[in-house]
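Peer 1: Okay, handing you the structure first.
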Amino acid sequence: MRGLFVTGTDTGVGKTVLSASLLAAMVAAGERVRAYKPVLTGLDEAPESADAGAWPRDDELLGAAAGMSPADVAPLRYGPAVSPHLAAELAGEQISPERLCARARGIVAQGSAAQRLIVEGVGGLLVPLAAGYTVRELALAVGLPLLVAARPGLGTINHTLLTLEAARDAGLEVRAVVLTPWPAAPDVLERSNRATIERLGEVEVQTLERLESPALDELARAGESLPWRRWLGM
């Protein structure tokens, strides 16, 4: 199974929209896909609004793009919009790193060679999933190359370079950074940020446009603008 692990420089930087766009583009191209979000928090929060309607929760958007149920996308689910380790603690539970690893590796192992997998992390790489166990450790266990979702505006250079450093120090392979939402007419700061991250981070930097609705055809069109076939080694 070929796949990508989508992480971010922070929470709310567009990981889910990027992941759903890739999935929708792959489906539109005739590929078989699977989505996996190891831990989902924030079920108690209302969906965010968009100009053309309400955006669904992460698991619902990924499920719609991949043709899966939300529960199959994200089997470990919590209500509070907090870090996974705290969400589990508030629920009187502990997240087991061993079980997370086994489930993720099982998904990779059970998939066919023709299936494409998008794994979306939680927040950034150093977000704790359990005591002494972060998203970075899970990404290493899954063994997929990374895409890093990042904001295009002020502050993104530092956040993105730190994420690249954290990934590479652990031995993770970074395929690209994707700046999103990328405006139709980027200003001088946004253009400079893109060029600076590419130069200092020695990494490919792509952009994903702002989407006004979660319609699958819009997601697929946006995802098709990205070189996902090359990223997957196809």
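Here's the yes/no breakdown for (1) basic (Lys, Arg); (2) buried (at least 21 other Cβ atoms within 10 Å of the Cβ); (3) touching a Pro at 6+ places or on another chain (Cβ under 8 Å):
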| residue | (1), (2), (3) |
| --- | --- |
| 78 | no, yes, yes |
| 87 | no, yes, yes |
| 98 | no, no, no |
| 101 | no, no, no |
| 105 | yes, no, no |
| 119 | no, yes, yes |
| 127 | no, no, yes |
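Peer 1: Being hydrophobic (A, V, I, L, M, F, W, C), modelled with pLDDT of 95 or more and under 15 Å from the mean Cα position of the chain (by Cα) is true for just one of 149, 170, 166. Which residue is that?
Peer 2: 149
Peer 1: If you don't mind, there's one more thing I want to ask. Please go through the range 188-212 and give me each residue that is surrounded by fewer than 14 Cβ atoms within 10 Å (Cβ to Cβ) and either assigned to a loop (DSSP other than H, G, I, E, B) or within 16 Å of the chain's Cα centre (by Cα) (or both), ordered by number.
Peer 2: 202, 212
Peer 1: While we're on this one: Residues in the range 197-212: is at least one in contact (Cβ under 8 Å) with a residue 60 or more places away in the chain, under 24 Å from residue 114 (Cα atoms) and out of contact with any Phe, Trp or Tyr (no Cβ under 7 Å at 6 or more places or on another chain)?
Peer 2: no
Peer 1: Do we find that residue 30 is of a type in the set (Gly, Ala, Ser), without any contact (Cβ under 8 Å) to a residue 60 or more places away in the chain, under 21 Å from residue 209 (Cβ atoms) and in a loop (DSSP other than H, G, I, E, B) in this structure?
Peer 2: No: the conditions fail for residue 30.
Peer 1: Condition check: surrounded by 14 or more Cβ atoms within 10 Å (Cβ to Cβ), over 23 Å from residue 63 (Cα atoms), at pLDDT 95 or above and in contact with a strand residue (DSSP E or B) (Cβ under 7 Å, 6 or more places away or on another chain). Does residue 181 satisfy that?
Peer 2: no
The values are calculated or read from the model by the stated rules, or taken from the named source; none is laboratory data. All of these numbers come straight from a predicted model, not from anything done at the bench. Positions of Cβ are backbone-derived with ideal geometry, glycine not excepted, and every protein chain shown enters the neighbour counts.
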